[in-house]
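The values are calculated or read from the model by the stated rules, or taken from the named source; none is laboratory data. All of these numbers come straight from a predicted model, not from anything done at the bench. Please note: Cβ atoms are built from the backbone with ideal geometry, for glycine as well, and neighbour counts cover all protein chains shown. To get the accessible areas, we keep the full protein, side chains included, count just its heavy atoms, and leave off ligands, DNA and RNA. Shrake-Rupley method; radii C 1.70, N 1.55, O 1.52, S 1.80 Å.
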Amino acid sequence: MTTGKFLVYGAYGYTGELITRFAAERGLQPILAGRSEEKTRAISEKFGFEYRSFALDDVGGLDAALSEIDVVLHCAGPFSITSRPMVEACIRNGTHYADITGEIAVFEACAAMDAKAKDAGIMLMPGVGFDVVPSDCLARHLKDRLPTATHLSLAFYGMGRLSHGTQATMTMNVGRGGAIRRDGKITNVPAAWRIRSIDFGEVKKTGVTIPWGDVATAFYSTGIPNIEVYTVVPPQNMRMLKMSRYLGWLLATGFAQRYLQANIPAGGPSDEERAKGRTLMWGEASDDQGNRVESLQQGPEGYTLTAIAALNIIEKVLAGNLKTGYQTPAKAYGADLVMEIDAVIRRDVV
Ligand SMILES: NC(=O)c1ccc[n+]([C@@H]2O[C@H](COP(=O)([O-])OP(=O)(O)OC[C@H]3O[C@@H](n4cnc5c(N)ncnc54)[C@H](OP(=O)(O)O)[C@@H]3O)[C@@H](O)[C@H]2O)c1
């Protein structure tokens, strides 16, 4: 039985609150949730929404909250710590699951739950934010243009500040090096393994490979077996990134992590910063016969895009427009999903 309701877990985090605000502006009525009773109550009073407070190891609290909704939008990361208990609770309760992760391990863990999700009649869709909606749609667009593609490269250039949670998640993963997909398998490579010049149309930048979510998801969305994702790193950070190849183990120790995590500032970009920010994307697909296609895409600032993309998907799920099992955004909704967002422009170059 559907309830027409959704729950935002982690609603008092930076992105959770932004999503809550945008939901209110759309006239949606989410139930807000989080592990701190005090902070969850405060945010619910601010927006006038109902709230539930429970930790992710509180099975009773999870089950009670999920039994009264259709879909959860999980916004409390790092998701490699928080995703599993929520996914398991969704499977137990027949509740659809969406989150805003970008972590490869989380995508793969959800993909491994595909059969269980299908049995439960639910959709599992991690990555409904900036990572990976726009890049996943671009990947699917390139595959639609070149159905014989065997290699896919994607790049993004985000002009804007990072939130607390994004920095916390990146810091947690700092010692783990890079990753690409090779012959269908996720393969570990050193940090900044490949460097190439990327022409985003209006600017040319130097990109380096990073273990971005599409290394996992684009394979499910396109079937292309070789995938690399690049981002733009300022020249002064390039040295740091390369040093992390040798010092990564040190940064991953408990002591270094406690120090680094404690020094990440709370919050994220202000409304003004978000309004000024933009994201540029580039993608290329090629095949073994020498065919090649290239496309560009641009859109709003990353956190703005995350909130809009996530709510667009939640509205589809509430309307019954979904596919059960593990899904990526473009696999379920196609390459044009991202074009539903105002200010997104896509252009084919080759
Ligand atoms: N896909 C994308 O493009 C995208 C965009 C934005 C954010 N993100 C990701 O989303 C996550 C949140 O980012 P943010 O900047 O909004 O973070 P934030 O401001 O630091 O907020 C994090 C939220 O998660 C909660 N939380 C953390 N660990 C938890 C746990 N073990 N159990 C329950 N709640 C927990 C926090 O609650 P407490 O205050 O009680 O700890 C807080 O409500 C990060 O992983 C980030 O990488 C992804």
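Contact list please: Cβ distance under 7 Å, first residue in the stretch 39-53 and of a type in the set (A, V, I, L, M, F, W, C), second residue part of a helix (DSSP H, G or I), pairs at least six apart or on different chains. Between residues of the stretch 39-53 that are of a type in the set (A, V, I, L, M, F, W, C) and residues that are part of a helix (DSSP H, G or I), the close pairs are I43/E17; I43/T20; F47/T20; F47/A24. Out of F6, F79, one residue alone is more than 9 Å from the ligand (Cβ to nearest atom), closer than 26 Å to F107 by Cβ and at pLDDT 95 or above. It is F6. Residues that are free of Cβ contacts under 8 Å to residues at least 60 places away in the same chain and basic (K, R) within the stretch 22-38 comprise just one, R35.
Condition check: touching a residue at least 40 places away in the same chain (Cβ under 8 Å), within 13 Å of the ligand (Cβ to nearest atom) and not aliphatic (A, V, I, L, M). Does R84 satisfy that?
On the way: touching a residue at least 40 places away in the same chain (Cβ under 8 Å): no; within 13 Å of the ligand (Cβ to nearest atom): yes; not aliphatic (A, V, I, L, M): yes.
No.
T222 meets each of the listed conditions (1) more than 26 Å from T15 (Cβ to Cβ); (2) more than 22 Å from the chain's Cα centre (by Cα); (3) touching a residue at least 24 places away in the same chain (Cβ under 8 Å) apart from (2).
Summed over the stretch 90-128, the residues that are surrounded by fewer than 24 Cβ atoms within 10 Å (Cβ to Cβ), under 16 Å from S221 (Cα atoms) and β-branched (V, I, T) give a count of 1.
Do you know which residues across the stretch 10-39 are polar (S, T, N, Q) and surrounded by 14 or more Cβ atoms within 10 Å (Cβ to Cβ)? Show your work before the answer.
The initial filter retains those residues of the stretch 10-39 that are polar (S, T, N, Q), namely 15, 20, 29, 36.
Selection gives T15, T20, Q29.
If we scan the stretch 260-275, do we find a residue that is within 27 Å of W193 (Cβ to Cβ), within 16 Å of the ligand (Cβ to nearest atom) and surrounded by 14 or more Cβ atoms within 10 Å (Cβ to Cβ)? For the stretch 260-275, residues within 27 Å of W193 (Cβ to Cβ), within 16 Å of the ligand (Cβ to nearest atom) and surrounded by 14 or more Cβ atoms within 10 Å (Cβ to Cβ): present.
Every residue, every condition in (1) near the ligand (Cβ under 10 Å from one of its atoms); (2) of a type in the set (A, V, I, L, M, F, W, C); (3) more than 21 Å from T101 (Cβ to Cβ); (4) part of a helix (DSSP H, G or I), yes or no:
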{"position": "L28", "(1), (2), (3), (4)": "no, yes, yes, no"}
{"position": "A33", "(1), (2), (3), (4)": "yes, yes, no, no"}
{"position": "R41", "(1), (2), (3), (4)": "no, no, yes, yes"}
{"position": "K46", "(1), (2), (3), (4)": "no, no, yes, yes"}
{"position": "A55", "(1), (2), (3), (4)": "yes, yes, no, no"}
{"position": "G60", "(1), (2), (3), (4)": "no, no, yes, yes"}
{"position": "A65", "(1), (2), (3), (4)": "no, yes, no, yes"}
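Taking into account only those residues within the stretch 210-239 that are hydrophobic (A, V, I, L, M, F, W, C), under 19 Å from R182 (Cβ atoms) and assigned to a helix (DSSP H, G or I), which is most open to solvent (accessible area, probe 1.4 Å)? Within the stretch 210-239, the match that is most open to solvent (accessible area, probe 1.4 Å) is F219. Residue selection: R161 satisfies the criterion of being crowded, with 18+ Cβ neighbours inside 10 Å and among the basic types (K, R).
Looking only at residues in the stretch 152-177 that are of a type in the set (G, A, S) and at pLDDT below 95, which one is nearest to F130 (Cα to Cα)? Spell out how you get there, then give the answer.
Within the stretch 152-177, the subset of a type in the set (G, A, S) is 153, 155, 158, 160, 163, 165, 168, 175, 177.
If we keep only those that are at pLDDT below 95 as well, we get 158, 160, 163, 165, 168, 175, 177.
Numbers: G158: 10, G160: 13, S163: 13, G165: 14, A168: 17, G175: 23, G177: 22 Å.
Looking at the filtered set, the residue picked out is G158.
D144 meets the conditions (1) touching a Ser or Thr at 6+ places or on another chain (Cβ under 8 Å); (2) closer than 28 Å to S197 by Cβ; (3) away from the ligand (no atom under 16 Å from the Cβ) in every case but one. The failed one is (1).
If the condition is being surrounded by fewer than 20 Cβ atoms within 10 Å (Cβ to Cβ) and among the polar types (S, T, N, Q), then the stretch 299-324 contributes N312, N321, T324. Does the stretch 264-286 include one or more residues that are polar (S, T, N, Q), under 30 Å from L73 (Cα atoms) and part of a helix (DSSP H, G or I)? No, that holds for no residue.
Only a single criterion out of (1) touching a residue at least 24 places away in the same chain (Cβ under 8 Å); (2) of a type in the set (D, E, K, R); (3) closer than 16 Å to G10 by Cβ; (4) surrounded by fewer than 18 Cβ atoms within 10 Å (Cβ to Cβ) is not satisfied by E68, namely (3). Looking at the stretch 147-158, which of the residues that are within 30 Å of N263 (Cα to Cα) and open to solvent by less than 30 Å² (accessible area, probe 1.4 Å) is farthest from the ligand (Cβ to nearest atom)? The qualifying residue farthest from the ligand (Cβ to nearest atom) is A155. Residue under question is G13, and the condition is that it be in contact with a His (Cβ under 9 Å, 6 or more places away or on another chain), under 17 Å from G267 (Cβ atoms) and within 14 Å of the ligand (Cβ to nearest atom); does it hold? Spelling it out, G13 is indeed in contact with a His (Cβ under 9 Å, 6 or more places away or on another chain), under 17 Å from G267 (Cβ atoms) and within 14 Å of the ligand (Cβ to nearest atom).
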